[in-house]
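One structure below.
Read-outs throughout are calculated quantities, based only on the coordinates presented, and are distinct from any laboratory measurement. Owing to the predicted nature of the structure, the values given are computational and were not obtained by experimental measurement. Heads up, the Cβs are rebuilt from the backbone with ideal geometry, glycines too, and the neighbour counts pull from every protein chain shown.
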């Protein structure tokens, strides 16, 4: 049996929890009947993205005449991210930690007792 996944969830614990029942991509030998369910990556346009990729806008002018496509002037249909989601999450955590440290420093300076506000922020 094969399962084609469209948009993988990289943090999924499926591989770890079901390693005896799931094979990802090329883990099984393709010459014999697989002993586990094969999870394969779908290649193509995901159904949710189909409209974004192939919408027909500005194909005719007001008079109904065809407007030729100018490839070099065309806009991208999908955003292109330079960072992977892991890099993005690491930067978000780093930012959050710096903000928490800043709040801790500010609360120590403002708190006359020096402990109650810090302990609340420290517990976040």
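Overview of results
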quantity	calculated
Simple label model, 7 Å out from Cα along Cβ direction - residue 41 to residue 82, nm	2.3 nm
Nearest-0.05 FRET efficiency for residue 99 and residue 55, computed from C-beta distance (R0 41 Å)	0.55
Per-pair calculated FRET efficiency, R0 = 41 Å: residue 62 and residue 9 via Cβ, rounded to 0.05	0.35
